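The values are calculated or read from the model by the stated rules, or taken from the named source; none is laboratory data. Bear in mind that the values here come from a model prediction, so they are computed numbers and not experimental data. No Cβ is skipped: glycine too gets one built from the backbone with ideal geometry, and neighbour counts run over all protein chains shown.
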Amino acid sequence: MNRCIKPRFVRLTKLEAARRQIESAIWLWFVGDDLVSVHALTAAAHRLLLELAALRETAAWPYTAAYLPKRTYKDRPARSQNPVTFFKHAKKKETYEVSEQWTELYLFDAVMAYSSLVDDRSASALMSTFVLRLGVQRQDLFVPDAFSLLERRVSKTFNLERLERLSKIDFLKEFIGVLSSAPG
């Protein structure tokens, strides 16, 4: 019997890798697992998207500013250390505070950057559901009328107050309908 492990390779582009990282982070965010993993996956996707945008000589985040008030990033808590560095290396500080709100905004940034870099300008169903949930649940984070078209569609098709009360997982069930396996 041959005991050699035969590797199975997956060929993908950097944009596909970023999509997988973003979708995995979103999946974990929806099911309520491990904020650190959500943040680390988002950070990895961010790095890829920034580099891809630089290679294409384009801005990776051209649309995010239209959704978030200017004060959002000014009000961001000061951090003594970059979370990407903290999660990667065992140096100096032994603790780090991860903010759920900033992780959500970081993930939103990644979704918007990915959407701006793909050729067909469309996000996956999981990314769209994340943006919808964030827009419904955290309206305080966004500029007024950031989702005006969305608000009109949601209010006509769904009861916005009911959507606000749904847990993340119930929201995902309603919009995606499949919870049997993670994306990818």
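A compact table of results
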{"read-out": "Test: residue in segment 132-149 that is modelled with pLDDT of 80 or more and closer than 15 Å to THR42 by Cβ", "value": "yes"}
{"read-out": "Segments classed as helices (runs of 4 or more DSSP H), wholly inside segment 1-105, with at least 1 members that are modelled with pLDDT of 90 or more and more than 21 Å from ASP140 (Cβ to Cβ)", "value": "14-31, 35-55"}
{"read-out": "Of all residues making up segment 5-49, the number that are of a type in the set (A, V, I, L, M) and in contact (Cβ under 8 Å) with a residue 60 or more places away in the chain", "value": "12"}
{"read-out": "Looking only at segment 106-130, and only at residues there that are β-branched (Val, Ile, Thr) and under 25 Å from GLU57 (Cβ atoms), the one that is modelled with the highest pLDDT", "value": "VAL111"}
{"read-out": "Residues (out of contact with any Lys or Arg (no Cβ under 6 Å at 6 or more places or on another chain), of a type in the set (Phe, Trp, Tyr) and at pLDDT 70 or above) located in segment 150-184", "value": "PHE175"}
